[in-house]
Amino acid sequence: DGTGVFGASLANPNNRVRLVTTDTNAIYASGYLLWVRGTTLMAQPFDPKKRKLTGEAAPVADPVGKSAITGRMNVAASSNGLLLYSARGSNQLTWLDATGKPQGALGEPNDYVIFRISPDGRRVAAAIGNPTRADLWLLDVQRRVASRFTFSGTAHSDPAWSPDGRTIVYRRRNSIFRKDSSGAGEEQRVTESANLQSPTDWSQDGRWILFNQFTPGSGLDLWVLPVTGEGNPTGQPHAYLHTPFNEQDGQ
């Protein structure tokens, strides 16, 4: 409710006027302010000197995509009235061979935040959507279909597969959770922390989960958690690398 597009003069930037309510950016072109309402690109006459919208907003294009990472709409406009936009998600998963040659796409274009391939290479766990409320999806490589894996819409991300591929651990808000990779059953909490924790890998012997943890004063550190093969903790997590510098994304 607090997000939107505001107008202000460069001479007095604190004296701002709310123009439209939207969760993405806006651009000005050819006397119009362009912004996204839902998935529809809207245009409304705008007086930049008075910082005032006039007339009625009219739809220009639908659907219009936006970046899950930056939140910006996939739209650009020239000064002579030409509009360029993307109607799909902000990125596409694509297989490459060892030389970098494309071998085909996986799934539909979407707002993929992060993804991890299962140990057997048959599935891909991907966080899709706005990073603050993304959910995890599983993409079947051979059937080329996607199935939703988490459902609460509360910032699920950073999946890591168990060595046998039967369990996935992931970040939900600040803590680490686990769930059977078949999708059966409910998710279970693995850690509970006031500091942000993000799993990055699971050891090949199944005994350790490696994760990032943000600690005030030292930034990101690498931590390890002893677990069973199913991801249940067998002890307390402890710091592996904890310095004044950032350590992250260990494997």
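So here's what we get for this one:
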| item | result |
| --- | --- |
| Relative contact order computed over the chain (Cα-Cα under 8 Å; 6+ residues apart), in percent | 8 |
| Rh by Kirkwood over Cα pairs, then Stokes-Einstein D for region 21-74 at 1.306 mPa s and 10 °C, µm²/s | 138 |
| Cα-based convex hull, the chain, per residue volume (Å³, whole number) | 187 |
| Spherically averaged projected area of region 148-197 from its Cα convex hull (nm²) | 3.4 |
| Cα-only radius of gyration and Dmax that characterise region 82-204, units Å | 15.2, 54 |
| Residues whose placed amide H lies under 5 Å from that of Thr215, excluding near-sequence neighbours | Leu220, Asp221 |
| Estimated translational D of region 188-251 in µm²/s (Stokes, Kirkwood radius over Cα pairs; 25 °C; 0.890 mPa s) | 207 |
| Surface accessible to a 1.4 Å probe, Glu186 within the full protein complex, Å² | 150 |
| Whole-angstrom Cα spans of region 134-241 along principal axes, big to small | 45, 30, 22 |
| Cβ-defined net charge surrounding Leu53, 12 Å radius [Lys, Arg +1; Asp, Glu -1] | +2 |
| Over 18 Å [Cα-Cα, region 12-117], rounded percent | 58 |
| Neighbourhood charge, 9 Å Cβ-Cβ cut-off, centred on Thr150 and excluding it, Lys, Arg +1 and Asp, Glu -1 | +1 |
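The values are calculated or read from the model by the stated rules, or taken from the named source; none is laboratory data. What you are looking at is a predicted structure, and each value in this text was computed from that prediction instead of being measured. With ideal geometry, Cβ positions are generated from the backbone for all residues, glycine too; neighbour counts draw on all protein chains shown. With ligands, DNA and RNA removed, areas are computed over all heavy atoms of the protein, side chains included. Shrake-Rupley method; radii C 1.70, N 1.55, O 1.52, S 1.80 Å.
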